[in-house]
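**Q** Following this message is one structure expressed as structure tokens.
The values are calculated or read from the model by the stated rules, or taken from the named source; none is laboratory data. Everything numeric here is computed off the predicted structure, so don't read it as measured data. Cβ coordinates were reconstructed from backbone atoms using ideal geometry, including for glycine residues, and neighbour counts include every protein chain displayed.
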Amino acid sequence: MNRFILLLLSFFAGSALFAQQKIVADKIAGIVGDKIILRSEIKNAIEDIVRQGGQAPEECMVLDRMLIQKAMVMQAERDSIPVSEEEVDAQLDQKIRYFIGVYGSKEALEQIAGRTIYQLKEDMRQPIKEERLSQGMQNKIVEDVKITPTEVKEYYDKIPKDSLQFYESELQIGEIVLYPKASRDIELLVIEQLSDFKRQVEAGTKKFDALARFYSDDPGSKEKGGEYQLNRSDKQWDPTFLAAAFRLKDGQVSPVIKTQFGYHIIQMVSRNGDDAVIRHILRIPEITEPETNEAISRLDSIRMRLLAGSISFKDAVQHYSEDPTAKFTGGMKMGRDGSTYLAIDKLDKDIVLMLKNEDLKPGQYSKPTPFTDEKGKKGVRIIHILTKSDPHRENLNDDYNTISQRALDEKKQAALQKWFTTKIPTIYIMIDKDFKHCSNLSKWMQNAAVVSN
């Protein structure tokens with residue numbers, strides 16, 4: 001029971017998704033206290049992992065993880081770890097939206113699962129609640145675990161020198177972004193074009209999805225005829241877009257609306273409470289050279305103030321950057337893991353080109369440069385190099401935070417191991433004889449009744 005606990009059962013939350021009616025001869029694989037694990041649950045968990053593109057785990061490993069979760073859940077219930085129905089409902093909605101995205105539509109998901117969305121949610125409710133209880137109990141066990149600099153050094157000194165990680169050069173990069181505004185004349189042309197699309201759809205002379213495929217500026221939905229799955233509570237959507245969509249009846253087309261991304265018309269395909277399938281056409285007014293040059297001039301003035309020291313980078317980001325994520329990141333480029341330290345191959349090609357062309361060093365600012373973001377929106381930015389590390393073997397001076405986190409994780413794992421060591425002998429455990437060969441279950445077997453049923 002070394003590294004498995006911090007990985008607790010993340011794949012079991014969806015294990016009921018494709019569960020069918022249990023056969024009469026279903027067997028009990030294990031019991032922890034009053035919590036029962038059926039053979040069908042193990043089978044369903046493995047099938048779901050495979051169905052989602054993973055490699056099938058061994059039954060022994062799956063049962064081990066299920067036993068861990070049941071023990072955590074049982075203790076969480078005893079300790080009254082709070083899990084609200086609102087939390088469970090929110091995660092249920094998130095899971096369903098994920099699977100709808102995987103299989104293409106609500107109807108396709110229901111057909112593959114052989115269940116309605118309502119039935120799927122009810123199937124998944126208890127596994128998700130148990131997952132949250134288990135995680136809550138785990139957090140409680142390790143909440144007071146801290147790490148000292150001495151412990152970090154002791155952890156580092158135990159790592160064989162030839163096993164230390166090698167890091168390529170990493171940079172911390174900030175940016176200040178301005179998005180040029182299209183002229184009013186061009187905006188009016190876009191509005192008129194979308195209004196004409198709306199008239200054609202309502203007159204029946206054109207299909208909305210065909211117009212979306214040909215004219216929409218949204219690369220995420222263009223090939224799907226502009227189609228998206230929406231949920232009213234999903235915060236990733238522009239609130240103006242959501243509000244306009246949920247005012248529509250089935251088949252209805254919205255007036256032209258403006259969001260941070262451009263101008264849209266929306267068609268409601270179908271709606272079920274707070275869930276909806278919609279189509280939209282996005283048109284982004286074209287940015288011409290005069291608007292781009294104006295943004296370059298504004299950013300150049302900001303750069304001059306930065307170079308003169310009359311404004312800090314942090315304040316310039318706060319007051320001037322139009323990147324919607326800047327208020328959360330402080331203008332820093334961030335990796336998927338949330339780190340601000342990025343290897344060259346993790347940067348977009350335009351930034352790499354700027355670094356090369358301007359030979360930027362730490363502390364320097366680039367010239368204002370036009371770019372196009374991942375959503376197709378044209379902008380102008382200056383980038384700021386805060387730090388740049390040389391390629392190196394992992395060490396305490398350069399990589400203390402990374403090493404410290406690993407040492408803390410190991411200490412938490414040890415705390416969880418200790419908790420299980422003391423708890424397992426106090427819990428009633430039964431394991432079916434079919435699993436007697438599982439060496440990874442030895443910690444359970446020592447205190448279990450091994451029976452056939």
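**Q** Just for region 45-95: of the residues that are among the polar types (S, T, N, Q) and assigned to a loop (DSSP other than H, G, I, E, B), which one is farthest from K129 (Cα to Cα)?
**A** So, considering only residues that are among the polar types (S, T, N, Q) and assigned to a loop (DSSP other than H, G, I, E, B), the one farthest from K129 (Cα to Cα) is Q55.
**Q** May I pose another question? Does S134 satisfy the condition of being under 20 Å from Q52 (Cα atoms), outside the structural domain of R279 (by TED's automatic domain parsing), surrounded by 14 or more Cβ atoms within 10 Å (Cβ to Cβ) and not β-branched (V, I, T)?
**A** No.
**Q** From the list I266, I287, exactly one residue is under 27 Å from the mean Cα position of the chain (by Cα) and either at pLDDT below 95 or not basic (K, R) (or both). Which is it?
**A** None of the others qualify; the one that does is I266.
**Q** Against the conditions (1) more than 26 Å from S221 (Cβ to Cβ); (2) at pLDDT 95 or above, where does L282 fall short? Just the number, please.
**A** Only one criterion in (1) more than 26 Å from S221 (Cβ to Cβ); (2) at pLDDT 95 or above is unmet by L282, namely (1).
**Q** Shifting gears a bit: Please go through region 244-260 and give me each residue that is out of contact with any Ser or Thr (no Cβ under 9 Å at 6 or more places or on another chain) and surrounded by 17 or more Cβ atoms within 10 Å (Cβ to Cβ), ordered by number.
**A** Once the filter is applied, which keeps residues that are out of contact with any Ser or Thr (no Cβ under 9 Å at 6 or more places or on another chain) and surrounded by 17 or more Cβ atoms within 10 Å (Cβ to Cβ), region 244-260 yields V253, S254.
**Q** Scan (1) touching a helix residue (DSSP H, G or I) at 6+ places or on another chain (Cβ under 8 Å); (2) touching a residue at least 40 places away in the same chain (Cβ under 8 Å) for the single condition R97 breaks and write down its number.
**A** Every listed condition holds for R97 apart from (1).
**Q** Which of the residues belonging to region 123-149 are in a helix (DSSP H, G or I) and over 18 Å from A45 (Cβ atoms)?
**A** Once the filter is applied, which keeps residues that are in a helix (DSSP H, G or I) and over 18 Å from A45 (Cβ atoms), region 123-149 yields G136, M137, Q138, N139, K140, I141, V142, P149.
**Q** How many residues are among the hydroxyl-bearing types (S, T, Y) and either touching an Asp or Glu at 6+ places or on another chain (Cβ under 9 Å) or surrounded by fewer than 15 Cβ atoms within 10 Å (Cβ to Cβ) (or both) when one looks only at region 199-227?
**A** Qualifying residue count, region 199-227: 2.
**Q** Search region 96-122 for residues being at pLDDT below 80 and not in a helix (DSSP H, G or I), and hand back the single one that is surrounded by the fewest Cβ atoms within 10 Å (Cβ to Cβ).
**A** By that ranking, first place goes to G104.
**Q** Something else: Consider D196 against the criteria (1) of a type in the set (D, E, K, R); (2) surrounded by fewer than 19 Cβ atoms within 10 Å (Cβ to Cβ); (3) at pLDDT below 95: it satisfies all of them except one. Which criterion is unmet?
**A** All conditions pass for D196, except number (3).
**Q** When the residues of region 421-448 are filtered to those that are in contact with a strand residue (DSSP E or B) (Cβ under 6 Å, 6 or more places away or on another chain) and assigned to a helix (DSSP H, G or I), which remaining residue is nearest to K70 (Cα to Cα)?
**A** W444
**Q** Enumerate the pairs (first residue in region 216-239 and touching a residue at least 24 places away in the same chain (Cβ under 8 Å) and part of a strand (DSSP E or B); second residue anywhere and of a type in the set (G, A, S) and buried (at least 16 other Cβ atoms within 10 Å of the Cβ)) with beta-carbon separation below 7 Å, excluding pairs fewer than 6 apart on the same chain, so at least 6 apart or on different chains.
**A** Between residues of region 216-239 that are touching a residue at least 24 places away in the same chain (Cβ under 8 Å) and part of a strand (DSSP E or B) and residues that are of a type in the set (G, A, S) and buried (at least 16 other Cβ atoms within 10 Å of the Cβ), the close pairs are E227/S221; Y228/S221; L230/A245; L230/A276.
**Q** Can you find a residue that is closer than 30 Å to D275 by Cβ, in a helix (DSSP H, G or I) and of a type in the set (G, A, S) anywhere in region 192-199?
**A** Yes: region 192-199 contains one or more residues that are closer than 30 Å to D275 by Cβ, in a helix (DSSP H, G or I) and of a type in the set (G, A, S).
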